[in-house]
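Note sheet for the following structure.
Read the figures in this text as sums done on the coordinates, not as results from a lab. The structure displayed is predicted, hence computed values, not measured ones. Note that we place each Cβ from the backbone using ideal geometry, even for glycine, and neighbour counts take in every protein chain shown.
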């Protein structure tokens, strides 16, 4: 592995092993993991002198990694009753350093230090950004006993493992693009930390910390979650679902009976999820969450072992094949009479609206709504044009696409209507839409994207309103400033 640490520190073997596992678990990354490995330089010091001279605190030199998602900061199962850290004694902890690689142009260099003085109940975080030290940041209460610190473009969480925890995973607010996690020993107590960098326009924050015991999953906040243990062949996984947040997570034993669990959590996409793991413990395996109403489908020629269980409105599946398999087995399911593979469903179907035969991928970003058809066929509807007062009309090939923010219509796509009018005429007519996609903007505002195939709008016609059919009548949705033509030509 190339040396990407200009400071000269060596990455311990345990950290390298963690990175290898993290590469298996993480979703698609925004940067190449090999280009951003660095070691957090941490030291712990007393801030005051006692009558016996300067105190010293041992340091656990576990490596810290930066990549496109947070690393699993698992705990030592031998320390099931963690001792509390006494910040009142006055401690300084060099927590992290994300020194960018030379290939990461424009990426900010952050380092952070926790400081407390005599009598302080909690530490402050002192950040250094591109060599400039910023003012101390007070800790805010996070889920459970987690301390959270916020800065412009950065969020930091620090905590001690809940009693009985074998692995934890932080859930950040939307917009996280890179993260670091590790642990440091403070006076014999293990302090975990996780750091997240956010894209411009995002609001840095921590929503939840999920953790696993040997047979169940939990939310540090105490929020209700459901979990189950699945065993297929030589593979075992604990699967957890947080219905309220639409998040799912898994915890699995590590290869070679290493201590702790390998933990992964992420948001569901249209009520579904998939690990994509290969080489899971002693087998090639995958864990999947099927969308509500779906049932597992099995290929008669498939040699994999499948087990399933119900969690709330979902079915969770563990599929395991012999370790000689190079890839994890495919999970198939049936919903509304159609058979899907879980991979295809997540990657292509659920965030795409069809317009004039073209699939338009719709993605919410802090800057607006990104529309993608193919390389070179890309458009962005800026956030300021999606304030909920008006709809935005654009062209896709021979058809049209209509973006309507802050509208959650009742009924099926067959009931949706657009109000069309010939320019220069007062004659209006309701017309059906051909496809629809419901999603949300980056800030959580509901959004619907309507697809109009070629022929829905004749030459010289435009859209001036939307509504829902109710029998022979159409109930219009009141747009404050109507429909405008946006800079969308795909």
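The radius of gyration of the Cα set in region 117-183, together with its Dmax, comes out at 13.4, 40 angstrom. Distance between the 7 Å Cα→Cβ label points at residue 313 and residue 398: 3.8 nm.
Remark: spin-label model distance residue 203-residue 406 equals 1.6 nm, labels positioned 7 Å along the Cα→Cβ axis.
Between residue 370 and residue 387, what is 0.36 nm times their sequence separation minus the Cα-Cα distance? Round to one decimal in nm. Display every interim value, and only then the final one.
Working: separation 17, 0.36 × 17 = 6.12 nm, distance 1.56 nm.
Here the answer is 4.6 nm.
Taking the Cβ-Cβ separation of residue 133 and residue 163 as r and a Förster radius of 41 Å, what is the calculated FRET efficiency to the nearest 0.05? That pair, residue 133 with residue 163, gives E of 0.70. Label separation (residue 121 vs residue 464): 6.2 nm, computed from points 7 Å beyond Cα along the C-beta direction.
Packing, as the average of other Cβ atoms within 10 Å across residues, places the peptides 172-181, 412-421, 477-486 in the order 172-181, 412-421, 477-486, highest first.
Here the ratio of the Cα radius of gyration of region 291-391 to 2.2 N^0.38 Å is 1.46. In plain terms, the C-alpha convex hull of region 395-490 casts an average shadow of 6.6 nm² when viewed from every direction. The smallest convex shape that holds all Cα atoms of region 320-458, its convex hull, gives 165 Å³ per residue.
Which FRET efficiency value, to the nearest 0.05, do you get for residue 152 and residue 425 by plugging their Cβ-Cβ distance into 1/(1 + (r/R0)^6) with R0 = 41 Å? If you can, show how the numbers build up before the last one.
Values: r = 51 Å, r/R0 = 1.26.
FRET efficiency, residue 152 to residue 425: 0.20.
At full extension, residue 298 and residue 244 could sit 16.5 nm farther apart than now, given 0.36 nm per residue minus the alpha carbon distance. Calculated on the alpha-carbon coordinates, the convex hull of region 403-450 measures out at 89 cubic angstrom per residue.
Scaled to the compact-protein estimate 2.2 N^0.38 Å, what is the alpha-carbon radius of gyration of region 327-367, rounded to two decimal places? Can you show the working numbers first?
On the way: Rg = 13.1 Å, N = 41, 2.2 N^0.38 = 9.0 Å.
In units of the 2.2 N^0.38 Å rule of thumb, it is 1.46.
Size descriptors for region 154-193: radius of gyration and Dmax over Cα atoms are 11.6, 35 Å. In region 183-259, the alpha-carbon atoms span a convex hull of 160 Å³ per residue. For region 224-347, the C-alpha radius of gyration sits at 0.99 times the compact-globule guess of 2.2 N^0.38 Å, with N the residue count. In terms of other Cβ atoms within 10 Å, 237, 221 run from fewest to most in the order 221, 237.
The percentage of C-alpha pairs in region 438-490 whose separation is greater than 18 Å is 51%.
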